[in-house]
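Quick notes on the structure that follows.
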Amino acid sequence: MSSSVNVANENGVAVVMIDNPPVNALSFHVREPLYEALAALRDDATAKAIVIACAGRTFVAGADITEFGKPVQQPELRAIVALLETIAKPTVAAIHGTALGGGLELALGCHFRVADQGAKLGLPEVKLGLLPGGGGTVRLPRLVGATKALGMIVSGTPISASEAKTAGLVDAVFDGDLLAEGIRFAREMAAAGGPFTPVRERNGRLAETEPAAFDRQAAELAKKARGLEAPLACIEAVRNAITLPFDEALAAERQLFLKLVSGDQSRAQRHLFFAEREAAKVPGKDPQRRKIARVGIIGAGTMGGGIAMAFANGGFPVILLETSEEALQRGLSMIEKNYAVSVSRGSLSEEARQQRLGLFKGSTDYADLADCDLVIEAVFEDMAVKKQVFGKLDAVARPGAILATNTSYLDVNEIAASTARPQDVLGMHFFSPANVMKLLEIVRAEQTAPDALATVAELARRIGKVAVVVGVCHGFVGNRMLSARGAENEFLLLEGATPSQVDKAFTDFGWPMGPFQMGDLAGLDIGWRNRKARGLTAVVADTLCEQGRFGQKTGSGWYRYESGSREPAADSDVEELIRAKAAALGIARREIAADEIIERTLYPLVNEGARILEEGVAARASDIDVVWVNGYGFPIGKGGPMFWAGLEGGARIVERLEHWHERTGRPIFEPASLLRRFAETGSWEGVDC
Ligand code: 3H9
């Protein structure tokens, strides 16, 4: 027997044990022996029932994603499931950990599913730009009903074992020795006698589908697909499960799967799956981790409060420090309010709310940070203030504690140098709201110790963040590239575009919103203040701010917002202002096409990414993609700017940048040498896009 699949006979019950660490993916070297084992057991009279279980931390977590895009090796998962359905004796999947994708589809080939109470079950293929391709869209609706299945398949979100039991997906939930319970269950089923009906023949729940309700739900979900093909394919496949005979629906699912798996969107989303996991790895030798049990946060404003909530949500006790009792109470009551809103929305239980609030301790005394293992400073973005904070921190923090600054732009080397322990200092750039946004840029300063970095990278995952290690520069990876993306915004307006035309080019590309709508949401006064501090101007934006048009919060900015509405409406006053400024500057206005908008905003974005790579501020092109997808809304179906550059064609990007460089002379358009190399090789230094 193969080492990936082992069979044992437990007093008449055959146990097929899959062992393919780390997540028991259904790689070819699992599928082949699994098929052979099941074929043999089908005709083995000494086996009265069959249990499929997994070694290690989880049941099968899906097909092996690394095999997609390569020639398919037989037997495929579909053949294994089809074989399972020809077995007359009871077959039982014993599920612990996660039964995901092809793993759940394998379990759906069994007559019965039993689960550990901590197990999770789902079909997350949509998150990889796919639909379940092993019969999941056709079998799951037969067990749980079409509307429940549709919700699960289009969201990709797994459900708990108890929800799965209520829905009819699992037959029993156990607490304790799952394998022993699974064997006992299988023996009982065998003793009760058949016939045992395969899922494919159970049509009762499907027949209950109310077509109008299904159509309504499908239309709602389709509206949210925003240019992604996979959610639409999932809907089509589940509808087929209702309207077509089983085998036809199964064949249609296969065709949809083959189309998606070879398409750019799924390639992009698979790239992101591995990129996110890669980004958390600190290059070099894997160091020891420091112990982090207690976290201190300095500053209880919006950012500090959000960071504190992120840690409390991850189960960490948090000390929140403020300069005055009043500011502290304001911060704590904001946190309480946020949790109360979550409870009222049903996303948090009352019990969890109380438990999380119990993790907070407020203080106005730096000495209370003495036993913290990690302290994050989230005070005003000003070098002098931050240095002062780090000076005080240096005096009280215990040796070996990690000291982090939550800065968006400032030089972390300079901050580190204000302490006597620069090896313990790093940046943690959270995105607002910090308890919601997934991205965390971890800034490696010149002297940051590798174990401090690795500790924070691991910690980030524990609090549900997607972490990327970046180097020191103004704005790090994300905000530095954001400046490059926005450098042409005003020129585009002055030369003839309107804010809504630019924003539409962005939303058509797949961004959730365009730069002007985004500016109105964030507040135009923030950029204005920054520009003033740096001696910069923006002719149109500065005037809007002088007029008190700060965006949504003042009811007008680049757009108008009717009393309290968040819907932007084009404003003729703004268009008039743009025309007047253009005339004053002697700029002739003309039609600006969407293609030009993309070229002048997103090509400089890629170009700046190339410079960042060249300088070593990011270790890998895929790290940059992770930053942009998780922090700035770059469309996942395009894989991030550096992956998209490959789809767009490096040569075209270089050629158009050169064109704009020649026309404007602006350095933003000067192609980076790494971009030129990419145009020739199609690869960002080993990161094959
Ligand atoms: C599918 O099933 C299609 C079918 O419908 C049809 C087929 C015809 N394959 O996430 P972690 C690696 S599509 C290959 O850090 P965790 C991962 O890259 C699939 N590799 O662990 C990492 O490698 P490394 C549907 C995989 O404990 C290591 O395993 N299923 C796969 O935080 C550990 O992963 C999914 O989409 C895979 N399927 O989370 C589930 N999965 O150490 C995808 C993981 O070298 N997987 N790896 O960096 C997950 O969601 C999480 O991995 C899981 C564990 C929740 C299981």
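No value in this document is a laboratory result; all are computed from the given coordinates. Because the structure is a prediction, the values reported are computed rather than measured. Virtual Cβ from ideal backbone geometry, glycine too; neighbours counted across all protein chains shown.
Quick notes
- Each label point was placed 7 Å from the Cα along the Cα-to-Cβ direction; for residue 208 and residue 462 their separation is 4.3 nm.
- Structural descriptor for the range 543-689: relative contact order 17 percent, calculated from alpha carbon pairs under 8 angstrom and at least 6 residues apart.
- Residue-normalised convex hull volume from the C-alpha trace of the range 92-231: 98 Å³ per residue.
- Protection proxy ranking for 116-129, 482-495, 640-653, using the average of other Cβ atoms within 10 Å per residue and placing the highest first: 116-129, 640-653, 482-495.
- A Cα-only calculation for the range 39-145 places Rg and Dmax at 13.9, 43 Å.
- Remark: spin-label model distance residue 383-residue 652 equals 4.2 nm, labels positioned 7 Å along the Cα→Cβ axis.
- Potential extension, residue 274-residue 420 segment - 0.36 nm per residue separation minus Cα distance: 48.8 nm
- Secondary-structure-derived ellipticity at 222 nm for the chain, considering helices only, amounts to -15000 deg cm²/dmol, per-run term -39500 (n - 2.57) for DSSP H runs with n ≥ 4.
- Antiparallel DSSP beta bridges within the chain, as percent of all bridges there, nearest 5: 30 percent
- Exposure proxy shown here: for 271, 474, the number of other Cβ atoms within 10 Å sets the order, fewest to most, as 474, 271.
- Its relative contact order, with pairs defined as Cα atoms under 8 Å and 6+ residues apart, puts the chain at 9 percent.
- When every Cα-Cα distance of the range 497-584 is counted in 5 angstrom steps from zero, the calculated P(r) takes the values 3, 15, 24, 25, 20, 10, 3 percent.
- In terms of other Cβ atoms within 10 Å, 661, 429 run from fewest to most in the order 661, 429.
- Based on alpha-carbon atoms, the Kirkwood radius and the radius of gyration of the chain give Rg/Rh equal to 1.01.
- Note on the chain: dipole from Cβ charges, positive end direction compared against 516, 321, 644; the farthest Cα belongs to 321.
- Nearest-20 debye value, the chain charge dipole, Cβ charges on Lys, Arg, Asp, Glu: 560 debye
- Per principal axis, descending, Cα span of the range 446-523 in whole Å: 52, 26, 23
- When Rg and the Kirkwood Rh are both derived from Cα coordinates, the Rg/Rh ratio for the range 5-262 amounts to 0.95.
- Only Cα pairs under 8 Å and 6+ residues apart enter the sum, and on that basis the relative contact order of the range 497-584 stands at 23 percent.
- The percentage of C-alpha pairs in the range 533-689 whose separation is greater than 26 Å is 44%.
- Placing pseudo-labels 7 Å out from each Cα toward the beta carbon at residue 73 and residue 534 gives an inter-label distance of 5.2 nm.
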